[in-house]
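Peer 1: Provided herewith is a single structure, encoded as structure tokens, for subsequent inquiry.
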Amino acid sequence: MPIRVYNTMTRKKEELVPRELGKISMYVCGPTVYNYIHIGNARTFLNFDMIRRYLLYRGYEVEFIQNVTDVDDKIINKANEEGVSPEVLADTYREAFELDMADLGVMPPTMAPQATEHIDDMLEVISCLVDKGYAYESEGDVYFEVEKFADYGKLSGRNLDEQQHTLASGPEDRKRGPWDFALWKAAKPGEPSWSSPWGPGRPGWHIECSTMSTKYLGESFDIHGGGLDLVFPHHENELAQAEACTGKPFVRYWIHSGMLNIDMEKMSKSLGNIRPLREVLIENDAQVIRMLMLGTHYRSPLNFSDDSLADAGASLERVTNCAFNLEDALSRAAVGGDGKKTERELELSKKLEGLKDEFVGHMDDDFNSAAALGVLFDVVRETNTYVGEVTSGGEPRLKVSLLECKEVLDDMFGALGLFQTAWGTTSVPGEEPARAADGGPSRDQLVDLLLEVRQAARDMKSFELADRIRDSLTELGVRVEDVPGGYRWRVER
Ligand SMILES: [Zn+2]
């Protein structure tokens, strides 16, 4: 079964057919680095991480380009406020963004080109548009003349004649038409600028994406993504610039991530309800945030609230407990009987196979992670039941059936990007943990040592000391559980 994606351009689900067999070229609009990103931005990046990981899971090679807008009005204004240069400000927040994404477990892009490092490339595209008559110079600015591009509006479905123009990319009197937008902005005193055939200035925002996407992925590529709020004007303008210059279709599939509301309200400065990702990450495990995001289809609006976080936390707990118990059962299980599966185990295999197909079916259907999560919980339920039977000793047990459960779970975690970076260590007594990279004792060895001491304390009935060791470890984020015949632990973020 092929993957089907909803294409904003055609407003329907289409079969995903990449330009090159087995390869997907993908561009997602990156951050404007003037501040820490908020949870709404994070949703967009998590959604495209989910899509990218699923394409990888389905065997595609994925080239994923995400730009960094490091010159922009917002950056210049904020730099002035903070009394630093725009370059320093942009560098600071670009690094903060990279850290945030790493903390969130988002895979780094194949490449993250920065606007300021591609000024010459942009000047080439702007010259191409001027030469072909799609753009004109006006008092040191260069504008794209929307009237000249007959297809303008085809992505967003807007009919510009029927609309009052509400946006302005520059002073009105410098433009020929109300919808014309700036490709190049003449330098103002105190602003960063580069020389150009039209005098010193800096590029507009839209031109950087057309330029960098086609530079790295070719004049036509497979997927262009971004938040729903970018469809107009940003993506409409990107498309106009690229197609006017190359004369070729720019993008095969336009994918847009839905908006995020806070407590059912739009996140906005005026409401004062903007939640920086950093703040949310301090209070919550990154996996909880991912779980919350996966629970809503990527195109639907998502409500972010303390309640929805708590729900996601509870869901995650169910999954981690299942994985934990499964690991534990695996460490104890042996190949039982004559190595043949019982009827019960054959039935389990069949069920797991069916659930796996169902999972893939949902993800293939426009990356329906919410429905796929539902199937993951079915697998959790099946696994819990079987692990319960195995550990109670009521049924003959086969390691291979436990491994099957683990394989299916790990497979789904990988496809959804769950636990791909933050899944803590699980240590089983009797297994020698590896030493640290510098040859000294590793964290795992030291935790094991402390837990051996705790065990000795318990054996000597010094329960107070034993509890103190456990509680101190809990404070450090190491969760300890006593199980028959010993203990086990894992790191929680
Ligand atoms: Zn863009």
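Read-outs throughout are calculated quantities, based only on the coordinates presented, and are distinct from any laboratory measurement. Nothing here was measured: the structure is a model prediction, and the numbers come from that model. FYI the Cβ positions are ideal-geometry reconstructions off the backbone, even for glycines, and counts take in every protein chain you see.
Peer 1: Using r as the Cβ-Cβ distance of Asn159 and Leu21, and R0 as 41 Å, what FRET efficiency do you calculate, to the nearest 0.05?
Peer 2: 0.60
Peer 1: Grab every C-alpha pair in the range 305-416, bin the distances at 5 angstrom width from 0 up to the longest one, and report whole percents.
Peer 2: Distribution as computed: 2, 12, 22, 22, 18, 12, 7, 4, 1, 0, 0 percent.
Peer 1: Could you calculate the contour length gain from Asn261 to Ser300, that is, 0.36 nm times the residue separation minus the distance between their Cα atoms, to one decimal place in nm?
Peer 2: 13.0 nm
Peer 1: Give me the mean projected area, in nm² to one decimal, of the convex hull enclosing the Cα positions of the range 200-356.
Peer 2: In nm², the orientation-averaged hull projection of the range 200-356 is 16.5.
Peer 1: What is the distance, in nm, between label points placed 7 Å from the Cα along the Cα-to-Cβ direction at Thr110 and at Asp173?
Peer 2: Once both label points are built, they end up 4.8 nm from each other.
Peer 1: Can you list the residues, at least 5 places off or on another chain, whose amide H is less than 5 Å from the amide H of His256, using H built in the peptide plane?
Peer 2: Those lying under 5 Å, H to H, from His256 are Thr8.
Peer 1: Same structure, new question: Arg443 to Glu475: extension gain in nm, 0.36 nm per residue of separation minus the Cα-Cα distance?
Peer 2: 10.0 nm
Peer 1: Given the Cα-Cα distance of Ser85 and Glu139 and 0.36 nm per residue of separation, how much length would full extension add, in nm?
Peer 2: Here the answer is 16.8 nm.
Peer 1: How far, in degrees from 0 to 90, does helix 86-104 lean away from the longest principal axis of the Cα atoms of the chain, to the nearest 10?
Peer 2: 30 degrees
Peer 1: I need the peptides 98-104, 27-33 ranked by packing, meaning the mean over residues of other C-beta atoms within 10 angstrom, with the highest value on top.
Peer 2: 27-33, 98-104
Peer 1: Once you put a point 7 Å from the Cα of Asp307 and another 7 Å from the Cα of Lys461, both along the Cβ direction, what distance in nm separates them?
Peer 2: Between Asp307 and Lys461, the label points sit 5.1 nm apart.
Peer 1: While we're on this one: State to the nearest 20 debye the size of the charge dipole of the chain about its Cα centre, where the only charges are +1 on K and R beta carbons and -1 on D and E beta carbons.
Peer 2: That gives a dipole near 720 debye.
Peer 1: Just the ratio, please: alpha-carbon radius of gyration of the chain over 2.2 N^0.38 Å, N its number of residues.
Peer 2: The reported ratio for this selection is 1.17.
Peer 1: Any cysteines in the chain with zero other Cys Cβ atoms under 4.7 Å from their Cβ? List them, or say none.
Peer 2: That list is Cys29, Cys209, Cys322, Cys405.
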